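S.K.: Here it is, the structure, as structure tokens.
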Amino acid sequence: MTMQTTQSTQAAQLPLFEKLEAAGLSPEMWGDSAGTYVLLTLADGSQISISATITDGAEVCAIHDVDEHSSWQAYWHDADQEKFATVYDSEGEDKECAVDTAAVAEAVTAHIKQHESTLTEADVLRGALSTYGISAYDGGEGGATYLVVPFNPHADEDSARLEPHFLVSSGEDAHRLMAGHDEPWSASLYDGNGDYVDTLDTAPGGLTLVEDSAHCARAIAVYIADHRRDWIAPASTGLRAVPDDISTMKYDVLKGSQHLGVILDETSARLTRGGWAAWSPKASRRDGTVGFFATKEEAALAIARTWGLCLAEAAQWRTLKGISAPFFVYGDVQDDGRVWLARDRQRLTGEPVEVVKLATEAGCRYGYTASGQRIDFGGTATKVWAA
């Protein structure tokens, strides 16, 4: 790093920069409300900050004159700033500035060398992802290891694979030491059911592990930012409504790589019916129309239902207010065709039964199956398991 201020104000830190750069390190000047630092970022995203105490007692002052120098302090912290360690502290030792500078540079260089000698490929990628606030968890199958990167930054380790997530690997083992990295990171996206969705472009050849990890982390962060709104809640359905490349009104409904249908955004017309029109090749109507819905999410779930998909994931204990046929309710079908509705509000039981028509009479709701069997739902406030 080239310093652009005068020799008189930089006499103490210039030799420090020179010694660190001679050791193959890349120091930077950094400042905040507390003062100024010399900052070094390690391969896993952890950092070492170096600051000085000067003769008037002020601390956190990396930029100072030789005559003002009292001591150097160097501290390490991990990428999440949860772990800390003292690397060097000469306070009270009364060392000459040149001697102290050589000693702190040696201590910092030795610490970095020792620290990075134990790092794995996964450690470096985790550090790169942490700059975007993205977590990564260990995963493995059949002897191979990889990292699980949740699409949702708030997902914890237990739920990471129950929602959309990336599986990131380099060869068969993501936990080799840094020197063993001989294949670029590969990141593939899966939904919460484990169905394949997409694969991101790998980095060009010839990059170091740090450069490859930075490329992979950036690609994941950009993909998440660009596609965060594609997923239909709840995320466990694995449904996406992806904007069409040509028409801004059209969304393709996908589950994994399977195309289920199309949604048209007609909300600008302010129609009295729902503003989201759904079409599916599996719809009961000959023209493929599934129905018109108040939200994009409802339209996507209705399309999935025509394929017999996402029923249990989307089922809710709810009243039938705002719902329109066709939809599914859960219950037990008797030998004579009658449906006994599931009544355990704590857990989903029974099997899905399609309701193709919904009617209200004298304050009570009734549904009808395709075979004409009537289902009594009771009053308008009655709740059922519906999807």
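The values are calculated or read from the model by the stated rules, or taken from the named source; none is laboratory data. All of these numbers come straight from a predicted model, not from anything done at the bench. Virtual Cβ from ideal backbone geometry, glycine too; neighbours counted across all protein chains shown.
S.K.: Quick one: in the range 332-387, of everything that is in contact with a Phe, Trp or Tyr (Cβ under 7 Å, 6 or more places away or on another chain) and either of a type in the set (Phe, Trp, Tyr) or not assigned by TED's automatic domain parsing to the domain that holds LYS321 (or both), which residue is surrounded by the most Cβ atoms within 10 Å (Cβ to Cβ)?
M.R.: TRP385
S.K.: On to the next question. If we scan the range 211-225, do we find a residue that is out of contact with any helix residue (DSSP H, G or I) (no Cβ under 7 Å at 6 or more places or on another chain), free of Cβ contacts under 8 Å to residues at least 24 places away in the same chain and buried (at least 17 other Cβ atoms within 10 Å of the Cβ)?
M.R.: No, because not a single residue in the range 211-225 is out of contact with any helix residue (DSSP H, G or I) (no Cβ under 7 Å at 6 or more places or on another chain), free of Cβ contacts under 8 Å to residues at least 24 places away in the same chain and buried (at least 17 other Cβ atoms within 10 Å of the Cβ).
S.K.: Still on this structure, please answer the following. Please identify the pairs in which a residue from the range 359-387 that is touching a residue at least 12 places away in the same chain (Cβ under 8 Å) and of a type outside the set (A, V, I, L, M, F, W, C) has its Cβ atom under 6 Å from the Cβ atom of a residue that is assigned to a loop (DSSP other than H, G, I, E, B) and loosely packed, with under 12 Cβ neighbours inside 10 Å, counting only partners at least 6 apart or on another chain.
M.R.: Close Cβ pairs satisfying both conditions: GLN373/GLY337.
S.K.: Show me the strands (runs of 3 or more DSSP E) entirely contained within the range 97-180 in which 1 or more residues are at pLDDT 95 or above and of a type in the set (Lys, Arg).
M.R.: none
S.K.: I'm trying to understand the selection: among the residues of the range 307-322, which are modelled with pLDDT under 85 and either basic (Lys, Arg) or assigned to a helix (DSSP H, G or I) (or both)?
M.R.: Within the range 307-322, LEU311, ALA312, GLU313, ALA314, LYS321 qualify.
S.K.: Report whether or not ALA79 is in a strand (DSSP E or B) and closer than 25 Å to VAL210 by Cα.
M.R.: So ALA79 fails the test.
S.K.: Moving to a separate point now. State all residues of the range 152-172 that are surrounded by 18 or more Cβ atoms within 10 Å (Cβ to Cβ) and free of Cβ contacts under 8 Å to residues at least 40 places away in the same chain; if no residue qualifies, say none.
M.R.: Within the range 152-172, ALA155, ALA160, ARG161, HIS165, LEU167, SER169 meet the criteria.
S.K.: Additional query: Please tell me if LEU16 is surrounded by 12 or more Cβ atoms within 10 Å (Cβ to Cβ), modelled with pLDDT of 85 or more and in contact with a Leu (Cβ under 7 Å, 6 or more places away or on another chain). Don't jump to the end; show me each part of the working.
M.R.: On the way: surrounded by 12 or more Cβ atoms within 10 Å (Cβ to Cβ): yes; modelled with pLDDT of 85 or more: yes; in contact with a Leu (Cβ under 7 Å, 6 or more places away or on another chain): no.
Considered against the rule, which asks whether it is surrounded by 12 or more Cβ atoms within 10 Å (Cβ to Cβ), modelled with pLDDT of 85 or more and in contact with a Leu (Cβ under 7 Å, 6 or more places away or on another chain), LEU16 comes out as no.
S.K.: Suppose we filter the range 86-128 for residues that are over 27 Å from HIS181 (Cα atoms) and under 29 Å from the mean Cα position of the chain (by Cα); how many remain?
M.R.: Narrowing the range 86-128 to residues over 27 Å from HIS181 (Cα atoms): 86-107.
Still in the list and also under 29 Å from the mean Cα position of the chain (by Cα): none.
Final tally of qualifying residues: 0.
S.K.: Would you confirm, using the coordinates I've provided, whether ASP32 is charged (D, E, K, R), modelled with pLDDT under 90 and either surrounded by 12 or more Cβ atoms within 10 Å (Cβ to Cβ) or more than 29 Å from VAL124 (Cα to Cα) (or both)?
M.R.: No; evaluated as a whole, the condition is false for this residue.
S.K.: Evaluate the following for VAL149: is it touching a residue at least 24 places away in the same chain (Cβ under 8 Å), closer than 30 Å to SER49 by Cα and in the same structural domain as GLN73 (by TED's automatic domain parsing)?
M.R.: Against the criterion (touching a residue at least 24 places away in the same chain (Cβ under 8 Å), closer than 30 Å to SER49 by Cα and in the same structural domain as GLN73 (by TED's automatic domain parsing)), VAL149 does not qualify.
S.K.: Have a look at ALA342, ALA278 and point out the one that is within 18 Å of PRO243 (Cα to Cα) and either of a type in the set (Val, Ile, Thr) or in contact (Cβ under 8 Å) with a residue 12 or more places away in the chain (or both).
M.R.: Among ALA342, ALA278, only ALA278 is within 18 Å of PRO243 (Cα to Cα) and either of a type in the set (Val, Ile, Thr) or in contact (Cβ under 8 Å) with a residue 12 or more places away in the chain (or both).
S.K.: Could you tell me which residue of the range 323-375 is farthest from ARG305 (Cα to Cα), considering only residues that are β-branched (Val, Ile, Thr) and outside any loop (DSSP other than H, G, I, E, B)? Let's see the steps before the verdict.
M.R.: Residues of the range 323-375 that are β-branched (Val, Ile, Thr), as a first pass: 323, 329, 333, 339, 349, 353, 355-356, 360, 369, 375.
Now restrict to residues that are outside any loop (DSSP other than H, G, I, E, B): 329, 333, 339, 353, 355, 360, 375.
Values: VAL329: 11, VAL333: 19, VAL339: 19, VAL353: 11, VAL355: 11, THR360: 23, ILE375: 19 Å.
Out of the qualifying residues, it is THR360.
S.K.: May I pose another question? The conditions are (1) surrounded by fewer than 18 Cβ atoms within 10 Å (Cβ to Cβ); (2) under 21 Å from LEU301 (Cα atoms); (3) touching a strand residue (DSSP E or B) at 6+ places or on another chain (Cβ under 6 Å), and THR248 fails exactly one of them. Which is it?
M.R.: (3)
S.K.: Which count do you get for residues in the range 28-40 that are under 16 Å from VAL104 (Cα atoms) and without any contact (Cβ under 8 Å) to a residue 24 or more places away in the chain?
M.R.: Summing the residues that are under 16 Å from VAL104 (Cα atoms) and without any contact (Cβ under 8 Å) to a residue 24 or more places away in the chain in the range 28-40 gives 1.
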